[in-house]
Amino acid sequence: MTTFDARPQAATGTRPPGWLSPILVEGRAGECDAVFPFHQRTALEPACVAMARRFVDQTLGSWGALDLAFDTQLVVSELVTNAMRHGGGAAQLRLVSHEAQLACVVTDHSRTVPVTSAPDVFSEYGRGLRLVDALCTTWGWLSPGGSHKLVWAVIAG
């Protein structure tokens, strides 16, 4: 059973957009769909964030959407870092393009929901999901069952 987690701090994204739901829930392929699997032994290493950014550049370049690369790299960096720090490691990064929208989906090894926090001015951590919220039109997460979750964010092109 798939569950959609909805909490007030989840910004506007409690459910994926209509075009993204069947891709995530039913495993359908998107119009432009690319997957980067993280190797289990490197899923907790900081180098996987750099690998994810390179994957974004290569994928968006092949799709002719390099104008989205900078924002997408920031969003992916935050989602992968959160997967490493709080989700037991990143399992997969998926980019899906639909019309003028791009979805970034990170699968991790935990069902723990992402929580936005209000860090104090001196805090070193806690701003990542606020950055995702600022750069994306919507974001959220879902738990498709098992011991993992998908955190997704949609960027307007």
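Each reported figure results from applying straightforward, stated rules to the coordinates on display, with no laboratory input. Note that the structure is a prediction, hence the values are computed from the model and not measured. Here the Cβ positions follow ideal geometry from the backbone for every residue, glycine too, while neighbour counts run over all protein chains shown.
Taken over the alpha carbons of region 43-109 as equal point scatterers, the Debye sum produces base-10 log I(q)/I(0) values at 0.12, 0.24 Å⁻¹ of -0.27, -0.97. Kirkwood hydrodynamic radius of region 17-157, from the reciprocal of the average inverse Cα-Cα distance over all distinct pairs: 15.0 Å. Neighbours of residue 73 by Cβ distance under 14 Å: Lys/Arg scored +1, Asp/Glu scored -1, total -2.
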